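Shown next, in C-alpha cells, is the structure this report addresses.
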Amino acid sequence: MSAVWPASRAAVRRRRLQTVVIGVVVALSTTMILVALGLLAAASGPFDQAYARQRGAHLVATFDRNKVSDTALTEAARGTEVAAVAGPFGQATLDLTLSGPPLSVVVVGRGEAGGPVDRLNVWEGRWPDKPGEIVLNRNPVTASTGRGAPKVGTTLTAAGDTKLTIVGFAYSVSESADAWVTPAQLTALHPTATQMLYRFTQAATNAQVAAGQSAVTAGLPSGALLGTQSYLALRAVATGEPNTFVPFLMVFGWLGLAVAVLIVANVVSGAVVAGFRHIGVLKALGFTPTQVMAVYLAMISIPAIIGCAVGIVVGNVMAESLLTKAFENYGAAGVGVPIWVDVATMVGVPLLVALSALLPSLRAGSLSAAEAISAGSAPRAGRGLRAQRWLSGTRLPRSVSLGLGLPFARPARTALTLAAVVLGVTSVTLAVGLGKSLTTYQTAASRAGAVDVTFFAGMAKTGPQMAPEGMPPEPTAKLSDPADEALLRSTSGAQYVTASADLQMRLAGTKQDLRFTFYRGDSTHIGFRVLAGHWLDGPGQVVVSERFLRQHGLSVGDTMNLVSDGKTTQMRIVGKALYNSGEEVLSNWETLALVAPKTRANTYEVQLKPHADIDAYVKAVQTGDTGIQEVPGQEAGTFVAIVLATVVLLTLMLGTVAALGVFNTVVLNTRERSRDLGMLKSIGMTPGQVTVMVVTSMAALGAIGGLLGIPLGIIAHRLVVPAMANGAQVEVPAFMLDVYPAGLLALLVLAGITIAALGAWIPARTAARTTIAKVLHNE
C-alpha cells in the first residue's frame, strides 16, 4: 500500500478546485452540526450540575404564617413524594438602605448555610452567627466589585433604624432569597411569611413538580400558600437562548452535509470517468483493485478530514461563546462542547463523506487495465439521443434545444447535481421564511403602527415607579396628569391616547421583581395581540406573555399574589398577549387603584390620525407642557438581529456551495464534451451560443430544483419555527407561519435557476473561449 499515498497526493494536486470545494463544504457542515449538537448536549449541563452540587430546591414555597403553623408545614412535608425538605424559615420583605433610595429585599432567617436542600455557597466572608449580621445573595461570577457596591463590613439600615452589618456573600442556585440573617434576628424584624424548600423524588417535568406541590399543601388552610417558584422555571430561563439556536443550526447543518455528500459523489464519479486512462495506467503498473479504490477514497478523505478538523475548531469556539454567555450566572465560565460530540463528529463526518465516494471508487477498482485505457472520455453513443432528437424538432433556438438535451447524457450526474440544487433552494426557502417570520413577530411584538409617539411625563413622588429606558427618573411635567392627557387629546392629529404608570412589584414566594404597566384610556388600541383569554376589563386583572407563564408555571385563569410596599394583592391572569418580556406584566388603572391609588401616569402613548405630521404634533404638545419629553423609539431586538444575520450567512454559504456543485458538473461535462464543442464551433456556433447552451443545460435543472426544493423548504420552515419558538419560550401565532404568498413562491423558483446559472456561467464562458485548434490538438 506504500504506492497509494503518493498516487493519492498526486490526485489531490491535479484536482485542486474539487479539493477546495470539498474541504469548504465539509468545514461548513461540520461547524453547524457540531454547534447544534454541542448546544443540544450541553444546553442544561451547567445548570443541572450546579443544582445537583448545591442540592437546589425543586420547589421554593412561601406560606402565610398567620394561616398555617410551622408544625403543620413540617407534618405536610412527610409524604413519600418528598425526598428532602428544609425549613420552616421565617421570611420578611425589608427596605434596606446603603446609600440612595431603599432597596426592597427578601430576607430569610436560616441557622446555617448547609442543610438537606439549597446548600448555600458562602464564597466571601462567613455565615451570620448573631443578631445584627446579614449575608447577601450574590453570584461570584457576576457580582459587582466597583465603587459603591456593598462589601463585607458595610452596614445596612432596615426599617426602624435596625443596623445590619454585611459579614459575607453567599450564592443560592435556587434563588430562594436576597439575603439571610439568624432566626433570632428575623424574629426581631417581624416576619410576615414562612419559607419551605422541597426536593421531590420525581421532578423532571412540570406535572411532577405540580404533583409534589399538591402533596405538600394537601390539608393546609385555603389561602395559606402565597407563592411558589419551580426550579424548572429557572432552568427554562437558563437554557432558552442556546435552545433557540439549535433547530435552525441543526437543519442547516444537515442540509450542508447532504450537499457535501452529493458533491463528493459527483466529484469522485467525474474523476473516475475523466480518469479512465489514468486508472488503466495504475492497473498496468500493478495496482490492485483495492489499491485503486483506496487512491480515490484517500483523494476525498484528505480534504474531508482537514475540513472536518477546521469545522470542529470553529464550532467549539462558537458553542463555547454561546454557552458561557448563557450559563455565566451558574459559575460556568468556559463551558464547552462535550468531548464525545467532538469525537463523534470527527469520526462520523469523514466516514459519511467516504461512504458517499465508495460506489464510484469501487467502479474505478473494478475496471480492467485494457478496458480503462481503451475507454473514451466522451459519453457512450446513444445516451440521451432520443431526448435530443425530440428537442431538435421543436422551434426552440438550436443552442437552447442542445442545452436542454445535455443533462440526459449523464443521468446519474444530472441527478446528483439536481439534488444539490434542490437542497440549495430548500435552504433559501427556509431562510426567507425564517427571516419573514422573525421580522413579522418582531414587528407585532414592538406594536409597530399602533403607537406613533410616546411621551414621558416624569415620576410621581410616591410609589415604586420605574422610568422608561433612557429617560431620567426626576419629575419633568409642568401640568397635572389630567391636564397632560387633555392636552394630548386636544392637540390636532391625535386619534387615541393611552396613559400608563410603571410600578415595581414582586411575585410572592420569589425574589424576582416584576415591572407592572397599568393602562388608562384607549388601551385596546395600543397594539397588543391577545393570543388567549381576553384584554383587561376589570380590577384585579393582568395580561402576561407566554414567556412569563412558562417561567412561573402558570396558565391563563390562574391567580397570583403580588407584593408591593409590604402589601399583598391578589391578581388574576385573564389573557396572554404577544410580547417578549418575562418580567413585564400588563394591567389597568382599576387594578392600580388597589395597589397605589395616588399614582399619576408617567407615560402617554399616542396613535395619530392617518397622514398626521408627527413632528408638528410633538412640537405642539411640548409647547403646551414644556416639561413633557418624547421617548426615543426602540431598536429591533439584538437576538433577532443575530439570528437573522446567522441565517443570511448560512444561506449564502449553502447557496454558494450548491452553485459550486453545479460548477463542478459543468466543468466535468465540458471537459468530456470538448470534441463535440469543437465540432459545433467548426460549423458556425458562436461563443455566445455555446455559453447559452451550457447555461441552459443547468438552468433547466435549476427550474426543476426550484419546484422540488420549495415544498421541502416550507416543510422545514413549519418544523423549525415552532421549535425555535419553544426554545425562546414564545408562542407561534398563525401569521408567523403563513409567510409564503404566491409572488414570493414565484421568486423562489428563480432562486434555483439563479443558483444553477451562476454555477454554470464561468465554466461555460471558459468552454466558449476554447479555440477549435486547441480542441483538435488535444484530440
Long-range amide H contacts for Ala179: which residues qualify at under 5 Å (H placed 1.01 Å from N, peptide plane, sequence gap of 5 or more or a different chain)? Val106, Val108, Asn137
What distance in nm separates the two pseudo spin-label positions at Ser492 and Thr524, each 7 Å out from Cα along the beta-carbon direction? 3.0 nm
Once the in-chain neighbours fewer than 8 apart are removed, the aspartates and glutamates whose Cα is under 14 Å from Lys151 read Glu124, Glu133
Between Thr154 and residues 5 or more places away or on another chain, the pairs with built amide H atoms under 5 Å apart involve Ile166
Modelled label-to-label distance, Asp48 and Ala412, 7 Å Cα→beta-carbon offset: nm? 4.6 nm
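Provide the FRET efficiency to the nearest 0.05 for the Glu630-Asp513 pair, computing r from the beta carbons and using R0 = 30 Å. Intermediate values should be presented prior to the final figure.
Values: r = 27 Å, r/R0 = 0.91.
According to the calculation, E is roughly 0.65.
If each residue of separation counts as 0.36 nm, what is the full-extension length gain between Ala746 and His534 once their alpha-carbon separation is subtracted?
Values: separation 212, 0.36 × 212 = 76.32 nm, distance 3.90 nm.
Extra length available between Ala746 and His534 comes to 72.4 nm.
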Step through the residues of region 438-445 one at a time and calculate ³J(HN,Hα) from phi using the Karplus curve (6.51 cos²θ - 1.76 cosθ + 1.60, θ = phi - 60°), rounding each to whole Hz and writing x for Gly and Pro. 5, 5, 5, 5, 4, 5, 5, 5
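Take the Cβ-Cβ distance between His611 and Asp565 as r, set R0 to 35 Å, and report the resulting FRET efficiency rounded to the nearest 0.05. Provide the component values of the computation, followed by the final result.
Numbers: r = 46 Å, r/R0 = 1.31.
Rounded to the nearest 0.05, the efficiency is 0.15.
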Using per-residue counts of other Cβ atoms within 10 Å, averaged over each peptide, order 428-439, 412-423, 720-731 from highest down. 412-423, 428-439, 720-731
Can you order the peptides 756-762, 349-355 by their average number of other Cβ atoms within 10 Å per residue, highest first? 756-762, 349-355
Have a look at the DSSP beta bridges in region 68-220 and tell me what percent are antiparallel, nearest 5. 75 percent
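If packing is taken as the mean number of other Cβ atoms within 10 Å per residue, what is the order of 23-31, 446-454, 291-299, 74-82, highest first?
Descending packing order for the listed peptides: 23-31, 291-299, 446-454, 74-82.
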Residues with amide H under 5 Å of Val585's amide H, sequence separation 5 or more or different chain, H placed in the peptide plane at 1.01 Å from N; which? Arg515, Phe516, Thr517
Distance violations [Cα-Cα > 23 Å] among Lys576/Lys598; Lys567/Lys598; Lys67/Lys163; Lys67/Lys598: Lys576/Lys598; Lys67/Lys163; Lys67/Lys598
Computed ³J(HN,Hα) along region 608-620: with the Karplus parameters 6.51/-1.76/1.60, θ = phi - 60°, integer Hz and x for glycine or proline, the list is 8, 5, x, 6, 6, 8, 5, 4, 5, 5, 4, 5, 5
Approximate spin-label separation Ala211-Thr440, in nm, with each point projected 7 Å along Cα-to-Cβ: 3.9 nm
Could you give me the ³J(HN,Hα) list for region 551-564, computed from phi with Karplus coefficients 6.51, -1.76, 1.60 and θ = phi - 60°, whole Hz, x at Gly and Pro? 5, 10, x, 10, 9, 4, x, 6, 10, 9, 9, 10, 10, 8
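Coordinate-derived values only; no laboratory data. Values in this document were obtained by computation on a predicted structure and should not be read as measured data. Because the Cβ atoms are built from the backbone with ideal geometry, glycine has one as well, and the counts that use them run over all protein chains shown.
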